[in-house]
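Let me begin by handing over the structure; questions about it come next.
The values are calculated or read from the model by the stated rules, or taken from the named source; none is laboratory data. Note that the structure is predicted; figures quoted are calculated from it, not measured. Glycine also receives a Cβ, built like all others from the backbone with ideal geometry; neighbour counts cover every protein chain displayed.
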Amino acid sequence: MTEFESAKATINDVASHAGVSKKTVSRVINNELNVRPETRERVQKAMAELNYYPNLSARSLASKRSYLVAMLYFDVGAYYLHQLQGGMLDHFSMRNYSLLMQPCEGSPEQILALVEHKARYMNIDGFVLVPPLVCMSPLTSLLKRLGKPYIRITPREEYDGFSEVLCDDEQASYELTTHLIQQGHKTIAFVRGNPECLSTITRYEGYKRALLSHGLPVDEQYVVAGTYEFSSGVVAAKTLLQRPVRPTAIFCSNDDMAAGVLSVAHELNIAVPQALAVAGYDDSPLAKQSWPGLTSVKQPNRRMAEIAANKLIDKIEKIDNTDYPQNIACEVIYRNSTEGWQAKLEAVAGSKTEEGV
């Protein structure tokens with residue numbers, strides 16, 4: 001039995017064993033960036049050999065921090081929430097923080113009271129805000145008043161470059177609409193999402209830019225409001241498919257609404273994609289499970305969660321780090337719900353040519 005195994009190892013034991021200062025061990029424990037890789041490895045090896053685990057209570061007392069952060073959410077899709085939670089748990093854990101998942105329901109006043117209670121009595125170090133709470137300005141005002149750092153995921157406005165994480169929905173929407181145009185569609189409808197969300201604006205802007213850049217008009221009779229819910233996709237489809245001139249493609253701001261469109265098309269015996277192309281957004285499991293498979297946009301949710309976690313900890317620990325991307329790219333995933341329309345047009349054109357010969 002070594003001298004260190006006869007009693008529980010301390011931070012001083014680790015420092016002595018690794019040949020570094022106590023402060024250096026503390027920096028490694030706190031996952032601070034200003035530690036040389038070889039020094040970090042030596043300290044971590046010493047901690048493993050001595051079976052040393054930091055005393056989180058003592059750590060909190062010494063730093064006057066709880067090492068607890070909270071993610072606030074309300075009325076958000078389960079898949080989206082799961083993706084964010086998974087990414088954040090990984091990266092908060094890597095930097096020795098714990099994550100509290102905090103649903104916020106009720107009136108704005110009730111939400112503010114809940115957050116203030118958590119912030120004060122649990123001494124939460126920082127907050128991550130998820131849509132639509134990112135648009136709740138009294139909430140961000142409260143956190144500022146309490147001196148609590150926060151990060152907002154895809155907020156609608158008030159960017160400062162340090163307190164938000166954004167993805168390039170506009171470009172992805174442009175690319176998906178361009179794909180539909182290249183398939184031969186000229187009457188492309190669009191179903192908007194929750195008006196409180198930034199994604200509703202940017203996805204619509206990408207749709208408009210694609211139409212205009214290809215010489216097609218933006219006809220507002222083919223743009224309808226939705227709420228990001230399946231039922232609103234059903235209502236939108238019934239509205240659009242009863243137009244005197246029916247759209248040949250419908251692009252929805254999320255997969256749930258696109259699934260609603262698919263169900264109405266099936267009910268009306270409108271073949272997808274032969275008579276109607278349908279596209280969604282989010283690339284949720286629903287996009288893979290629907291029939292036909294749904295063309296959609298895959299957001300970098302885990303990447304956004306990683307950046308949000310690290311940005312928030314940098315703010316909490318007052319680390320000046322601006323080396324973060326400001327607008328993360330999305331990826332269009334092409335599936336059968338938008339394929340085949342061009343082939344149909346060519347087949348029709350071919351049959352007419354034969355008839356005229």
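What single numbered condition from (1) acidic (D, E); (2) outside any loop (DSSP other than H, G, I, E, B); (3) modelled with pLDDT under 90 fails to hold for D256?
Looking at each condition in turn, D256 falls short on (3).
Within the stretch 277-304, track down each residue that is assigned to a strand (DSSP E or B) and surrounded by 24 or more Cβ atoms within 10 Å (Cβ to Cβ).
A277, V278, A279, T295, S296, V297
Looking for whichever is over 19 Å from the mean Cα position of the chain (by Cα), outside the structural domain of I250 (by TED's automatic domain parsing) and either surrounded by 14 or more Cβ atoms within 10 Å (Cβ to Cβ) or not in a strand (DSSP E or B) (or both) here; the options are K186, K148. Which one fits?
K148
Oh, and also: Taking the stretch 93-138, which residues are of a type in the set (V, I, T) and assigned to a loop (DSSP other than H, G, I, E, B)?
I124, V130
Pick out the one residue from I313, I307, I319 that is at pLDDT 80 or above, over 17 Å from L180 (Cβ atoms), outside any helix (DSSP H, G or I) and assigned by TED's automatic domain parsing to the domain that holds M88.
I319
Taking S199 as meeting all but one of (1) part of a helix (DSSP H, G or I); (2) out of contact with any Asp or Glu (no Cβ under 9 Å at 6 or more places or on another chain), write down the number of the exception.
(2)
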